[in-house]
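Report on one structure; see the data block that follows.
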Amino acid sequence: MNDIMSKVLFLILIFISSISAVISSDITAVIESDTNNVLIGEPVNLEIKIISGKNYKFNFPVFTDTLGKLEILDLFPTDSIHADSKFGISKRLTVTSFEAGYINIEPIVITYTLNDVDDFRIITTNSLSLEFATVEVDTASSEIRDIKPPLQAPLTLEEMLPYIGLILGLLVIYYLIIYIFGRKPNLKEKQIPKYDPKIPADLEALEALQRLERENLWQSGKFKLYHSKLTDILRVYIHRRYHLNALEMTSGELVHDVSMYESNINSLDILKTILEIADLAKFAKYEPLSDENVSSMTNAIKFVNNTKVVDITKDDDIEIQEDNK
(Lines give C-alpha, C1' and ligand atoms only; values in the text may rest on other atoms or scores of the structure.)
Protein backbone atom coordinates (compact mmCIF):
# COMPACT_ATOMS: atom_id res chain seq x y z
CA MET A 1 0.00 0.00 0.00
CA ASN A 2 2.83 2.37 0.89
CA ASP A 3 4.54 1.59 -2.40
CA ILE A 4 1.38 2.48 -4.32
CA MET A 5 1.02 5.83 -2.44
CA SER A 6 4.65 6.65 -3.06
CA LYS A 7 4.25 6.02 -6.80
CA VAL A 8 1.11 8.21 -6.92
CA LEU A 9 2.85 11.09 -5.15
CA PHE A 10 5.83 10.75 -7.47
CA LEU A 11 3.57 10.92 -10.54
CA ILE A 12 1.79 14.01 -9.13
CA LEU A 13 5.12 15.80 -8.58
CA ILE A 14 6.22 14.97 -12.11
CA PHE A 15 2.91 16.34 -13.45
CA ILE A 16 3.20 19.59 -11.49
CA SER A 17 6.82 20.06 -12.56
CA SER A 18 5.90 19.50 -16.20
CA ILE A 19 3.10 22.12 -15.99
CA SER A 20 5.48 24.67 -14.41
CA ALA A 21 8.04 23.98 -17.08
CA VAL A 22 5.46 24.52 -19.83
CA ILE A 23 4.27 27.78 -18.25
CA SER A 24 7.79 29.07 -17.70
CA SER A 25 8.78 28.21 -21.26
CA ASP A 26 5.89 30.38 -22.45
CA ILE A 27 7.43 33.50 -20.80
CA THR A 28 10.73 35.23 -21.46
CA ALA A 29 12.19 38.07 -19.40
CA VAL A 30 15.30 39.95 -20.47
CA ILE A 31 17.12 43.13 -19.51
CA GLU A 32 18.96 45.04 -22.23
CA SER A 33 21.03 48.23 -22.45
CA ASP A 34 21.59 50.64 -25.31
CA THR A 35 25.33 50.51 -24.59
CA ASN A 36 27.65 48.79 -22.16
CA ASN A 37 30.73 51.02 -22.38
CA VAL A 38 30.47 54.67 -21.30
CA LEU A 39 32.33 57.25 -19.24
CA ILE A 40 31.52 57.64 -15.55
CA GLY A 41 28.48 59.88 -15.03
CA GLU A 42 27.10 59.25 -18.53
CA PRO A 43 23.54 57.87 -18.76
CA VAL A 44 22.74 54.32 -19.84
CA ASN A 45 19.22 53.32 -20.90
CA LEU A 46 18.01 49.96 -19.62
CA GLU A 47 14.87 48.12 -20.72
CA ILE A 48 13.28 45.15 -18.97
CA LYS A 49 11.09 43.25 -21.43
CA ILE A 50 8.67 40.42 -20.69
CA ILE A 51 7.11 38.46 -23.56
CA SER A 52 4.26 36.05 -22.84
CA GLY A 53 1.62 34.22 -24.81
CA LYS A 54 -1.23 34.03 -22.28
CA ASN A 55 -3.20 36.21 -19.91
CA TYR A 56 -0.54 36.84 -17.29
CA LYS A 57 -0.34 39.65 -14.78
CA PHE A 58 3.25 40.75 -14.01
CA ASN A 59 4.55 42.75 -11.07
CA PHE A 60 7.82 44.58 -11.52
CA PRO A 61 9.90 45.20 -8.39
CA VAL A 62 9.65 48.63 -6.82
CA PHE A 63 12.62 50.71 -8.00
CA THR A 64 13.82 53.53 -5.73
CA ASP A 65 16.99 55.57 -6.25
CA THR A 66 19.40 52.76 -7.02
CA LEU A 67 19.63 49.50 -8.93
CA GLY A 68 22.40 47.59 -7.23
CA LYS A 69 25.47 49.86 -7.46
CA LEU A 70 23.89 52.00 -10.16
CA GLU A 71 22.08 55.28 -9.57
CA ILE A 72 18.67 55.66 -11.22
CA LEU A 73 18.40 58.99 -13.07
CA ASP A 74 14.96 58.49 -14.60
CA LEU A 75 12.17 55.95 -14.36
CA PHE A 76 9.53 55.61 -17.07
CA PRO A 77 6.00 54.17 -16.82
CA THR A 78 5.34 50.56 -17.74
CA ASP A 79 4.55 50.20 -21.43
CA SER A 80 3.00 47.43 -23.52
CA ILE A 81 4.78 45.85 -26.46
CA HIS A 82 3.78 43.39 -29.18
CA ALA A 83 6.05 40.78 -30.66
CA ASP A 84 4.46 38.76 -33.44
CA SER A 85 1.37 37.13 -31.92
CA LYS A 86 2.59 37.44 -28.35
CA PHE A 87 1.90 40.11 -25.77
CA GLY A 88 4.49 41.82 -23.66
CA ILE A 89 5.30 44.69 -21.31
CA SER A 90 8.45 46.70 -20.77
CA LYS A 91 9.97 48.95 -18.14
CA ARG A 92 12.64 51.52 -19.03
CA LEU A 93 15.20 53.06 -16.67
CA THR A 94 18.06 55.48 -17.13
CA VAL A 95 21.02 54.75 -14.85
CA THR A 96 24.61 55.84 -14.35
CA SER A 97 27.62 55.27 -12.12
CA PHE A 98 30.21 57.65 -10.73
CA GLU A 99 32.65 54.82 -10.03
CA ALA A 100 34.89 53.41 -12.75
CA GLY A 101 35.00 49.74 -13.65
CA TYR A 102 32.62 46.90 -14.47
CA ILE A 103 29.30 46.86 -12.67
CA ASN A 104 27.17 43.73 -12.79
CA ILE A 105 23.38 43.88 -12.69
CA GLU A 106 22.11 40.75 -10.98
CA PRO A 107 19.08 38.96 -12.47
CA ILE A 108 15.89 40.85 -11.60
CA VAL A 109 13.12 38.80 -10.02
CA ILE A 110 9.59 39.44 -11.37
CA THR A 111 6.43 37.89 -9.92
CA TYR A 112 3.38 37.00 -11.99
CA THR A 113 -0.01 35.30 -11.82
CA LEU A 114 -2.19 33.58 -14.40
CA ASN A 115 -5.79 34.72 -15.02
CA ASP A 116 -5.82 36.84 -11.82
CA VAL A 117 -5.46 33.74 -9.63
CA ASP A 118 -3.51 34.40 -6.43
CA ASP A 119 -0.93 31.75 -7.32
CA PHE A 120 2.25 33.81 -7.48
CA ARG A 121 5.14 32.54 -9.56
CA ILE A 122 8.50 34.10 -10.34
CA ILE A 123 10.67 34.59 -13.38
CA THR A 124 14.10 36.18 -13.55
CA THR A 125 15.89 38.17 -16.20
CA ASN A 126 19.40 37.62 -17.41
CA SER A 127 22.32 39.34 -15.74
CA LEU A 128 24.01 42.32 -17.38
CA SER A 129 27.45 43.90 -17.12
CA LEU A 130 28.22 47.57 -17.79
CA GLU A 131 31.64 49.23 -18.01
CA PHE A 132 32.19 52.79 -16.84
CA ALA A 133 35.56 54.25 -17.87
CA THR A 134 37.45 57.30 -16.70
CA VAL A 135 38.92 60.00 -18.94
CA GLU A 136 42.45 59.04 -19.84
CA VAL A 137 45.16 61.65 -19.37
CA ASP A 138 48.07 61.66 -21.77
CA THR A 139 50.98 62.14 -19.37
CA ALA A 140 53.59 61.65 -22.07
CA SER A 141 52.68 64.67 -24.21
CA SER A 142 52.51 67.26 -21.45
CA GLU A 143 53.72 67.77 -17.94
CA ILE A 144 51.08 67.73 -15.19
CA ARG A 145 51.27 70.87 -13.08
CA ASP A 146 49.24 72.39 -10.28
CA ILE A 147 46.53 74.84 -11.30
CA LYS A 148 47.52 78.43 -10.53
CA PRO A 149 44.86 80.89 -9.38
CA PRO A 150 44.23 83.95 -11.61
CA LEU A 151 46.19 87.07 -10.77
CA GLN A 152 44.24 90.11 -9.56
CA ALA A 153 45.22 93.34 -11.31
CA PRO A 154 43.76 96.79 -10.61
CA LEU A 155 41.38 98.19 -13.24
CA THR A 156 42.44 101.29 -15.12
CA LEU A 157 40.12 104.17 -16.07
CA GLU A 158 40.36 103.15 -19.72
CA GLU A 159 39.16 99.64 -18.88
CA MET A 160 36.28 101.00 -16.77
CA LEU A 161 34.95 103.46 -19.41
CA PRO A 162 32.95 100.83 -21.41
CA TYR A 163 31.21 99.67 -18.22
CA ILE A 164 30.46 103.26 -17.16
CA GLY A 165 28.98 103.95 -20.60
CA LEU A 166 26.87 100.81 -20.42
CA ILE A 167 25.48 101.76 -17.00
CA LEU A 168 24.68 105.31 -18.18
CA GLY A 169 22.95 103.93 -21.28
CA LEU A 170 20.80 101.57 -19.17
CA LEU A 171 19.84 104.43 -16.88
CA VAL A 172 18.75 106.54 -19.85
CA ILE A 173 16.63 103.66 -21.20
CA TYR A 174 15.14 103.10 -17.73
CA TYR A 175 14.05 106.73 -17.33
CA LEU A 176 12.69 106.82 -20.89
CA ILE A 177 10.50 103.80 -20.12
CA ILE A 178 9.25 105.43 -16.90
CA TYR A 179 8.55 108.68 -18.78
CA ILE A 180 6.68 106.98 -21.63
CA PHE A 181 4.62 104.58 -19.54
CA GLY A 182 4.11 107.14 -16.82
CA ARG A 183 2.20 109.29 -19.30
CA LYS A 184 -0.17 106.51 -20.35
CA PRO A 185 -2.93 107.36 -17.86
CA ASN A 186 -3.18 110.83 -19.44
CA LEU A 187 -3.42 109.23 -22.90
CA LYS A 188 -6.15 106.99 -21.60
CA GLU A 189 -8.12 109.94 -20.30
CA LYS A 190 -8.03 111.53 -23.79
CA GLN A 191 -9.64 108.40 -25.21
CA ILE A 192 -12.89 108.97 -23.29
CA PRO A 193 -15.68 109.15 -25.91
CA LYS A 194 -16.93 112.68 -26.43
CA TYR A 195 -20.42 113.57 -25.33
CA ASP A 196 -22.57 116.68 -25.35
CA PRO A 197 -23.12 117.81 -21.73
CA LYS A 198 -26.25 119.67 -22.85
CA ILE A 199 -27.96 116.36 -23.76
CA PRO A 200 -29.16 114.38 -20.72
CA ALA A 201 -27.06 111.30 -20.06
CA ASP A 202 -29.95 108.85 -20.50
CA LEU A 203 -31.07 110.32 -23.86
CA GLU A 204 -27.54 110.30 -25.23
CA ALA A 205 -27.01 106.68 -24.08
CA LEU A 206 -30.30 105.51 -25.62
CA GLU A 207 -29.49 107.20 -28.94
CA ALA A 208 -26.01 105.62 -28.95
CA LEU A 209 -27.53 102.19 -28.27
CA GLN A 210 -29.96 102.63 -31.17
CA ARG A 211 -27.09 103.56 -33.50
CA LEU A 212 -25.14 100.51 -32.34
CA GLU A 213 -28.13 98.24 -32.97
CA ARG A 214 -28.41 99.51 -36.54
CA GLU A 215 -24.75 98.59 -37.23
CA ASN A 216 -25.60 94.84 -37.08
CA LEU A 217 -22.17 93.98 -35.69
CA TRP A 218 -22.93 90.70 -33.94
CA GLN A 219 -24.98 89.52 -36.90
CA SER A 220 -21.78 89.67 -39.00
CA GLY A 221 -19.70 87.82 -36.37
CA LYS A 222 -18.12 90.91 -34.73
CA PHE A 223 -19.10 89.87 -31.21
CA LYS A 224 -16.13 91.44 -29.43
CA LEU A 225 -16.61 94.83 -31.12
CA TYR A 226 -20.36 94.77 -30.48
CA HIS A 227 -20.06 94.12 -26.74
CA SER A 228 -17.10 96.51 -26.39
CA LYS A 229 -19.14 99.37 -27.87
CA LEU A 230 -22.22 98.44 -25.82
CA THR A 231 -20.34 98.46 -22.51
CA ASP A 232 -18.49 101.67 -23.44
CA ILE A 233 -21.86 103.38 -23.94
CA LEU A 234 -22.99 102.18 -20.51
CA ARG A 235 -19.71 103.23 -18.90
CA VAL A 236 -20.01 106.77 -20.29
CA TYR A 237 -23.61 106.88 -19.05
CA ILE A 238 -22.53 105.68 -15.57
CA HIS A 239 -19.68 108.21 -15.60
CA ARG A 240 -22.17 111.02 -16.21
CA ARG A 241 -24.97 109.62 -14.04
CA TYR A 242 -23.01 108.72 -10.91
CA HIS A 243 -19.79 110.75 -11.47
CA LEU A 244 -17.65 107.57 -11.37
CA ASN A 245 -14.43 106.91 -13.27
CA ALA A 246 -16.28 104.05 -14.98
CA LEU A 247 -14.05 103.75 -18.06
CA GLU A 248 -11.02 102.67 -16.03
CA MET A 249 -12.77 100.23 -13.67
CA THR A 250 -12.99 96.47 -13.92
CA SER A 251 -16.45 94.94 -14.22
CA GLY A 252 -16.46 93.93 -10.54
CA GLU A 253 -15.34 97.36 -9.39
CA LEU A 254 -17.98 99.02 -11.57
CA VAL A 255 -20.88 96.96 -10.18
CA HIS A 256 -19.63 97.51 -6.63
CA ASP A 257 -19.33 101.29 -6.97
CA VAL A 258 -22.70 101.65 -8.72
CA SER A 259 -24.30 99.70 -5.85
CA MET A 260 -23.16 102.51 -3.49
CA TYR A 261 -25.53 104.87 -5.31
CA GLU A 262 -28.18 102.58 -6.79
CA SER A 263 -30.56 100.68 -4.49
CA ASN A 264 -32.48 98.91 -7.26
CA ILE A 265 -31.24 95.32 -7.02
CA ASN A 266 -32.78 94.40 -10.36
CA SER A 267 -30.81 97.14 -12.13
CA LEU A 268 -27.56 95.95 -10.54
CA ASP A 269 -28.24 92.35 -11.63
CA ILE A 270 -28.90 93.57 -15.18
CA LEU A 271 -25.63 95.50 -15.25
CA LYS A 272 -23.70 92.52 -13.88
CA THR A 273 -25.14 90.19 -16.54
CA ILE A 274 -24.27 92.61 -19.37
CA LEU A 275 -20.68 92.98 -18.16
CA GLU A 276 -20.17 89.22 -17.67
CA ILE A 277 -21.23 88.41 -21.24
CA ALA A 278 -19.08 91.27 -22.57
CA ASP A 279 -16.00 90.10 -20.64
CA LEU A 280 -16.38 86.58 -22.05
CA ALA A 281 -16.69 87.94 -25.59
CA LYS A 282 -13.75 90.36 -25.22
CA PHE A 283 -11.23 88.33 -23.21
CA ALA A 284 -12.21 84.65 -23.54
CA LYS A 285 -13.04 84.69 -27.28
CA TYR A 286 -16.53 83.51 -26.41
CA GLU A 287 -19.17 83.77 -29.11
CA PRO A 288 -22.46 84.70 -27.37
CA LEU A 289 -25.68 83.16 -28.60
CA SER A 290 -28.18 85.25 -30.54
CA ASP A 291 -30.46 85.46 -27.50
CA GLU A 292 -27.54 86.72 -25.38
CA ASN A 293 -26.65 89.43 -27.90
CA VAL A 294 -30.25 90.60 -28.09
CA SER A 295 -30.76 90.46 -24.31
CA SER A 296 -27.59 92.52 -23.72
CA MET A 297 -29.04 95.33 -25.83
CA THR A 298 -32.49 95.00 -24.21
CA ASN A 299 -30.96 94.97 -20.73
CA ALA A 300 -28.76 97.99 -21.52
CA ILE A 301 -31.83 100.01 -22.53
CA LYS A 302 -33.68 98.78 -19.44
CA PHE A 303 -30.76 99.72 -17.16
CA VAL A 304 -30.64 103.27 -18.53
CA ASN A 305 -34.41 103.73 -18.19
CA ASN A 306 -34.44 102.31 -14.65
CA THR A 307 -31.59 104.48 -13.39
CA LYS A 308 -32.07 107.76 -15.24
CA VAL A 309 -32.64 111.01 -13.35
CA VAL A 310 -36.31 111.87 -13.23
CA ASP A 311 -37.12 115.60 -13.16
CA ILE A 312 -40.12 116.51 -10.98
CA THR A 313 -42.13 119.48 -12.29
CA LYS A 314 -44.27 121.80 -10.15
CA ASP A 315 -47.48 120.07 -11.29
CA ASP A 316 -46.04 116.73 -10.29
CA ASP A 317 -45.00 118.20 -6.95
CA ILE A 318 -48.56 119.49 -6.35
CA GLU A 319 -50.03 116.07 -7.20
CA ILE A 320 -47.63 114.37 -4.80
CA GLN A 321 -48.55 116.80 -2.01
CA GLU A 322 -52.28 116.25 -2.63
CA ASP A 323 -51.74 112.50 -2.55
CA ASN A 324 -49.96 112.87 0.76
CA LYS A 325 -52.98 114.77 2.18
Post the alpha-carbon centroid distance, segment 121-137 to segment 292-308, in whole angstrom. 77 Å
Keeping every protein chain in place, order Leu168, Leu254 by accessible area at 1.4 Å, biggest value first, i.e. largest first. Leu168, Leu254
Per residue, how big is the convex hull around the C-alpha atoms of segment 215-307? Give it to me in cubic angstrom, could you? 86 Å³
Suppose R0 equals 41 Å. What FRET efficiency, 1/(1 + (r/R0)^6) with r the Cβ-Cβ distance, do Ile167 and Lys285 give to the nearest 0.05? 0.40
Would you kindly find the accessible area of Ser295, with a 1.4 Å probe and non-protein molecules such as ligands, DNA and RNA excluded, rounding to the nearest 10 Å²? 40 Å²
Anisotropy class of segment 197-253 from Cα gyration tensor, a/c 1.5 cut: oblate
Extension reserve of the Leu155-Leu114 stretch, reckoned as 0.36 nm per residue once the Cα distance is removed: 7.0 nm
Take Asp74, Asp279 and sort them by solvent-accessible surface of the protein heavy atoms, 1.4 Å probe, largest at the top. Asp74, Asp279
The simple spin-label model distance between Val62 and Asn126, using points 7 Å out along Cα→Cβ, in nm, is 3.0 nm
Backbone N within segment 284-308 under 12 Å of label point (7 Å from Tyr261 Cα along the Cβ vector): 307-308
Using a 1.4 Å probe and ignoring any ligands, DNA or RNA, find the accessible area of Asp119 and quote it in Å² to the nearest 10. 70 Å²
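The values are calculated or read from the model by the stated rules, or taken from the named source; none is laboratory data. Since we're looking at a predicted model, the values are computed, not measured. No Cβ is skipped: glycine too gets one built from the backbone with ideal geometry, and neighbour counts run over all protein chains shown. Remember, those area values only see protein heavy atoms, side chains included, never the ligands or the DNA or RNA. Shrake-Rupley method; radii C 1.70, N 1.55, O 1.52, S 1.80 Å.
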